[in-house]
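Here is the structure we will look at.
The values are calculated or read from the model by the stated rules, or taken from the named source; none is laboratory data. Given the structure is predicted, the values throughout are model-derived calculations rather than measurements. Every residue, glycine among them, receives a Cβ derived from its backbone with ideal geometry; neighbour counts consider all protein chains shown. Ligands, DNA and RNA are excluded from the accessible area calculation, which covers all protein heavy atoms including side chains. Shrake-Rupley method; radii C 1.70, N 1.55, O 1.52, S 1.80 Å.
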Amino acid sequence: MLKQDLYLKLNQKLSPQQIQLMKLVQLPTLAFEERIKQELEENPALEEGHDFTERDEFSNQEDYQDSERIDASDINIDEYLSDDDMPSYKTYSNNYSADADDTTVPYAGGITLNEYLIGQLHTARMSDEDYLIADFLIGSIDGDGYIRRDLKSLSDDLIFTQNLVADEKKLEELLVGYIQKLDPVGVGARSLQECLLIQLEAKENTMELRLAKGIVENSFEEFTKKHYQKIMKHFEVDEELLKGAIKEIEKLNPKPGKSFSGNTKIVEQITPDFAITIVDGELDLKLNSGNAPELRLSGEYRNLFEAYKEGDKKNEEQKKAVQFVKQKLDSAKWFIDAVKQRENTLMLAMGAIMRFQEEYFLTGDEQKIRPMILKDIADEIKMDISTISRVANSKYVSTPYGTLLIKELFSESMTTTSGEEVSTREIKKILQDAIKEESKKKPLTDEKLSELLKSKGYKVARRTVAKYREQLNIPVARLRKKL
């Protein structure tokens, strides 16, 4: 049964201008520069340069509204659509032909691991069928240089995809006899243990290397768990010889394929969005505007309005032209306003963060970082938490002590035994220092670290210590052990 009801509904929506501002606020400096370039290319009513003089300045709100009133009196209201109702395709223009030259600069591709291995395979003497099988095996090597799948599965794939019959024995023969002898040494291994053994076999035969081969081949589990006493007892060697063998193993490359998989990666350089300096004992904050040009509304587009006002006849083509010009001028004005609001928002938020962490920025001591959450800054400058998050999330600030990600200044608080609130970053710094100074022959366990923190007045449970240690990418005590 169909039923019609009439009801009122109140929705809160962001305007297009607010959405544009939020998008600009979250952009770091380099992305912001690219966004301005894009807008300059797409909107002919926007151009680089300082504002016009007062007589010529079109951004004056009263002049802009007057010109709209003069034009609107002679234009059919149905044709004079608002920006929200105008489809984008009506104002879209493409000034490039299909055969125009591509001006983008290509990046060097480099050579991939598979291409490098196949190039070496061309020099091997083997039958056509063996070459096809070896080529298939090389195609199964991942970016680390390993073959992760078992030979039985690869044999089945060969039958279905290449129509080649090769049992596991044949695959083993080609893998060990050809592929594992290619450069980089260790490629084509099926496990870390096999990868290390291949590399050790390629080295000169010394006493330390013989012991290293024995450890990797027969006591690999004990080695990974750092049970050094068991290894010394098993091989009947002293600590000095074991140190030499371990040193040889540590020289090996556990991921031989990585030397090729990363050579096409573009290195990114961090460009700070803010700069904090100390001038006469006071903090000074500046926004990095980078290479972003100043923007203004086009004078030519203003002249189009003037010409239309002075004309006696308004034909259909002129009306369409004015409609297009208005849409572009509105868009340009909104963008200029959004750029200015972005600058004000960023400076306001970062200024509040700087004042909140003033002691840290003056001294550079990480233990001086106060507990701070997004709400603290949002409440101080009367902005929404999401705005502060956009400011802090992907932006960097240069300080006299280095460049850091702004969001790293935010941390939860913890109360000491004396009732003082401290930042969790302070506790992490104490953990780092304690682990750095520990005896590597007998590293501190999480339980010992918890007791150490309690002795300093920080009541931190063992599980919390483990969480902080993992966040700092520090392994457990067993894996930090050294001879």
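Some notes on this structure:
- Note: relative contact order over segment 334-476, using C-alpha pairs below 8 Å and six or more positions apart, is 18 percent.
- Those lysines that a straight Cα-Cα span of less than 27 Å connects to LYS382, excepting residues fewer than 8 apart in one chain: LYS13, LYS23, LYS286, LYS333, LYS340, LYS368, LYS395, LYS407
- Probe 1.4 Å, all protein chains present, accessible-area order of LYS436, LYS255, LYS395, largest first: LYS436, LYS255, LYS395
- Model label points for ALA434 and ASN218, set 7 angstrom from Cα along the Cα-to-Cβ axis, are 4.1 nm apart.
- For segment 285-301, Karplus couplings with θ = phi - 60° (6.51, -1.76, 1.60), whole Hz, Gly/Pro x: 10, 9, 8, 7, 7, x, 9, 5, x, 6, 10, 8, 7, 5, x, 5, 5
- Area accessible to solvent at ARG296, 1.4 Å probe radius, in Å²: 60 Å²
- The heavy atoms of GLU343 offer some 100 square angstrom of accessible surface to a 1.4 angstrom probe.
- Summarising the overall dimensions of segment 353-417 from its C-alpha atoms, the Rg and Dmax are 12.1, 35 angstrom.
- For segment 272-408, the equivalent ellipsoid derived from the Cα gyration tensor has semi-axes of 46, 15, 11 Å, listed largest first.
- For segment 332-483, the alpha-carbon radius of gyration amounts to 1.29 times the rule-of-thumb value 2.2 N^0.38 Å expected for a compact globular protein.
- A straight chain from GLN471 to GLU204 at 0.36 nm per residue would run longer than the Cα-Cα distance by 92.1 nm.
- Per-residue ³J(HN,Hα) for segment 359-372, Karplus 6.51 cos²θ - 1.76 cosθ + 1.60, θ = phi - 60°, Hz, x for Gly and Pro: 5, 5, 5, 7, 10, x, 7, 4, 6, 8, 5, 7, x, 8
- Note on GLU42 and HIS234: their simple-model spin labels are 6.3 nm apart, each label 7 Å out from Cα toward Cβ.
- Less than 5 angstrom separates the built amide H of MET372 from those of SER411, all sequence-distant by 5 or more or on a different chain.
- FRET efficiency estimate (nearest 0.05) - Cβ-Cβ, GLU172 to LYS448, R0 41 angstrom: 0.30
- Gained length - LYS258 relative to LEU241, 0.36 nm times residue gap less alpha-carbon distance: 3.1 nm
- Cα-based reach from LYS230 at 26 Å (exclusive), listing lysines while leaving out same-chain residues under 8 positions away: LYS203, LYS213, LYS243, LYS247, LYS251, LYS440, LYS441, LYS442, LYS448, LYS481, LYS482
- At q = 0.09 Å⁻¹, base-10 log of I(q)/I(0) for segment 177-307 (Debye sum, equal scatterers on each alpha carbon): -0.55
- Calculated FRET value between GLU34 and GLU294, using beta carbons and R₀ = 22 Å, to 0.05: 0.85
- Backbone N atoms of segment 276-300 closer than 17 Å to the 7 Å Cα→Cβ label point of ILE381 belong to residues 276-277, 283-289.
- Rounded accessible area of TYR116 (nearest 10 Å², 1.4 Å probe): 70 Å²
- Here the 3J(HN,Hα) profile of segment 400-409, calculated from phi with Karplus coefficients 6.51, -1.76 and 1.60 at θ = phi - 60°, is x, 10, x, 9, 9, 6, 4, 5, 6, 6 Hz, Gly and Pro shown as x.
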